[in-house]
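First comes the structure, then the notes that go with it.
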Amino acid sequence: MRSSDYLFIFLGSFLVVYIILPIAVTITLQIFDLSMLLKALQDERVLEALWNTLITSTATMFISLIFGVPLGYVLARKDFKGKSIVQGIVDVPIVIPHSVVGIMLLITFSSAILDNYLGIISAMLFVSASFTINSARDGFLAIDENLEHVARTLGASKLKTFFTISLPLALPSILSGAIMTFARAMSEVGAILIVAYYPKTAQILVMEYFENYGLRASRPIAVLLILISLAIFVALRGIVGRRRHAQA
């Protein structure tokens with residue numbers, strides 16, 4: 001390798017180490033404090049909060065797929081007046097502070113989403129759906145439109161062409177977007193804190209434990225969230241990787 005390669009590796013390694021270090025330190029410290037971890041695993045509030053996080057994040061991911069994939073296809077295949085505006089709207093949630101998102105949702109939907117599962121999912125969906133939409137759009141853009149045209153000339157309907165040609169080919173990108181949507185939903189705090197403090201999710205509970213009982217009490221919940229997130233992320237990435245390999 002050239003000297004420039006070593007320079008780039010050195011510079012790039014900083015961010016890798018910066019990401020890994022807090023995760024490794026947090027998990028390592030918890031290993032030496034297993035009693036607190038076991039206590040957290042026996043705490044019904046912790047288990048219920050983890051379950052709430054998983055089911056609402058999963059629901060958010062599926063909702064984003066149902067509505068986001070068709071929108072991604074339209075953005076990839078159709079040119080229409082205001083298309084750039086629609087694409088801009090899709091990306092807007094990424095730049096809005098999430099506490100502001102919570103306030104906007106409360107102003108718009110009021111008591112319908114206050115302190116219930118619908119409120120949690122609403123907050124998660126607002127901040128995370130962009131990942132599914134953009135990944136679906138990029139996946140469809142990467143497909144040669146001639147393949148769809150050939151299917152149409154052979155008598156396939158547009159809907160059949162979508163489900164038998166377009167969707168399977170774009171699936172790896174769509175799944176990648178779904179993973180990011182799930183991960184982003186699991187990590188959301190600000191909007192949920194305002195919209196739905198109850199039923200408690202693990203993201204909110206870890207903050208509550210930190211404020212009321214300190215760092216040592218909140219650390220086991222943080223570790224459990226880290227481990228669950230990593231396990232799900234690795235598993236889903238593995239599925240996407242096998243899918244890409246099968247198409248290659």
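Keeping to region 1-54, report how many residues are among the charged types (D, E, K, R) and assigned to a helix (DSSP H, G or I).
Total satisfying the criteria: 5.
Is it the case, given these coordinates, that L236 is under 30 Å from R77 (Cα atoms), aliphatic (A, V, I, L, M) and modelled with pLDDT of 85 or more?
No.
Only one of (1) at pLDDT below 90; (2) buried (at least 22 other Cβ atoms within 10 Å of the Cβ) is not met by T161, so which one is it?
(2)
Does region 96-132 hold any residues that are part of a loop (DSSP other than H, G, I, E, B), within 20 Å of T181 (Cα to Cα) and either in contact with a Phe, Trp or Tyr (Cβ under 8 Å, 6 or more places away or on another chain) or among the hydrophobic types (A, V, I, L, M, F, W, C) (or both), and which are they?
I96
List every residue pair whose Cβ atoms sit under 8 Å apart, with the two residues 6 or more apart in sequence or on different chains, where the first one lies in region 105-119 and is over 17 Å from T56 (Cβ atoms) and surrounded by 12 or more Cβ atoms within 10 Å (Cβ to Cβ) and the second, anywhere, is of a type in the set (A, V, I, L, M) and modelled with pLDDT under 95.
Qualifying pairs under 8 Å: L106/I113; L106/L114; L106/I194; L106/V195.
Residues being of a type in the set (A, V, I, L, M) and touching a residue at least 24 places away in the same chain (Cβ under 8 Å): count how many of those fall in region 11-43.
7
State yes or no: is I85 more than 27 Å from I179 (Cβ to Cβ), hydrophobic (A, V, I, L, M, F, W, C) and under 25 Å from the mean Cα position of the chain (by Cα)?
Yes; evaluated as a whole, the condition is true for this residue.
The values are calculated or read from the model by the stated rules, or taken from the named source; none is laboratory data. A quick note: this is a predicted structure, and the numbers were derived from the prediction, not measured. Counting neighbours? That spans all protein chains shown, and the Cβs are built from the backbone with ideal geometry, glycine included.
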